[in-house]
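The values are calculated or read from the model by the stated rules, or taken from the named source; none is laboratory data. These numbers were taken from a predicted model, which means no experiment stands behind them. Neighbour counts run over all protein chains shown; Cβ positions are idealised from the backbone, glycine included. Quick note on the areas: whole protein, heavy atoms, side chains included, nothing else; ligands and nucleic acids left out. Shrake-Rupley method; radii C 1.70, N 1.55, O 1.52, S 1.80 Å.
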Amino acid sequence: MIGRFDFASVIDFFPQLFTGLYYTLLISVVGLLIGFILGAIFGLGRISPIKIIRYISVVFIETIRGTPVLVQAIWIYFALPLIIQFEIESVVAGIIVIALNSGAYIAEIVRGAVQSIDKGQMEAGRSLGLNQGQAMRYIIWPQAFKRMIPPLGNQFIISIKDTSLLSVILVPELIFQGRLIAANHFNAVEIYTTVAVFYLAITLTLSFVLQRLERRLDT
């Protein structure tokens with residue numbers, strides 16, 4: 001008890017908060033996995049020698065990066081179903097939002113990592129009889145991927161925090177659950193403080209794991 005605030009009572013709401021945490025992590029992990037695939041496709045497309053592929057990649061990246069996550073969430077959940085005449089569940093919409101948003105930023109991570117590898121590496125692969133695709137797969141990509149890990153980790157943390165915006169489309173993530181509890185039990189200080197601690201615990205844990213991974217890769 002601090003003043004008239006009873007933080008001990010928050011324990012009673014842990015099951016509901018852990019439900020929100022489950023959806024937060026589910027959407028973040030699945031969205032980021034899909035986002036990585038999109039990022040790899042559009043990131044390599046961004047440096048493709050084929051003009052139309054380059055143009056499509058630029059349009060995707062700039063459109064997603066140029067619009068707020070909240071606007072994307074509202075459009076996908078409320079507007080897109082009117083266009084396609086098919087209802088999208090809030091969790092699915094949330095995954096789509098995180099996937100598209102992370103995909104656009106990962107695309108630039110991929111592009112930067114690939115372009116940071118010395119061009120002589122590709123030439124060396126070609127001189128060994130590898131075609132361009134094989135040289136990319138066996139020589140360029142492994143080196144580039146190692147350089148992607150720190151920014152990919154940062155993107156994962158950003159995606160986790162971005163899920164907090166999805167409560168506006170009724171995704172039952174951590175913030176949504178916190179708002180429900182606070183509205184019904186008038187304990188906003190205790191609940192929102194606990195929610196903040198949950199997010200902090202997740203991001204600090206991820207930061208620790210990423211630092212260990214980076215050290216291991218350096219070794």
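List of remarks:
- All told, N184 meets the bar of being exposed (fewer than 14 other Cβ atoms within 10 Å of the Cβ) and either of a type in the set (S, T, Y) or under 30 Å from E87 (Cβ atoms) (or both).
- Residues of the range 192-202 that turn out to be within 20 Å of the chain's Cα centre (by Cα) and either surrounded by 15 or more Cβ atoms within 10 Å (Cβ to Cβ) or of a type in the set (F, W, Y) (or both), as a count: 4
- Residues that are over 17 Å from E173 (Cβ atoms) and either of a type in the set (S, T, Y) or free of Cβ contacts under 8 Å to residues at least 60 places away in the same chain (or both) number at least 2 in the following helices (runs of 4 or more DSSP H) confined to the range 30-113: 51-65, 80-84.
- Residues in the range 106-134 that are open to solvent by 70 Å² or more (accessible area, probe 1.4 Å) and either of a type in the set (A, V, I, L, M) or touching a Cys at 6+ places or on another chain (Cβ under 9 Å) (or both): 1 in all.
- Count of residues meeting criterion [touching a helix residue (DSSP H, G or I) at 6+ places or on another chain (Cβ under 7 Å), closer than 30 Å to V189 by Cα and open to solvent by 30 Å² or more (accessible area, probe 1.4 Å)] in the range 22-56: 1
- Residue that is least open to solvent (accessible area, probe 1.4 Å) [pool: residues in the range 153-176 that are outside any helix (DSSP H, G or I) and among the aliphatic types (A, V, I, L, M)]: V171
- Residue that is more than 15 Å from P150 (Cβ to Cβ), open to solvent by 30 Å² or more (accessible area, probe 1.4 Å), outside any loop (DSSP other than H, G, I, E, B) and among the charged types (D, E, K, R), where the choices are R215, R179: R179
- Any hit, the range 144-152, residues being under 17 Å from I27 (Cα atoms) and either part of a helix (DSSP H, G or I) or modelled with pLDDT under 95 (or both): yes
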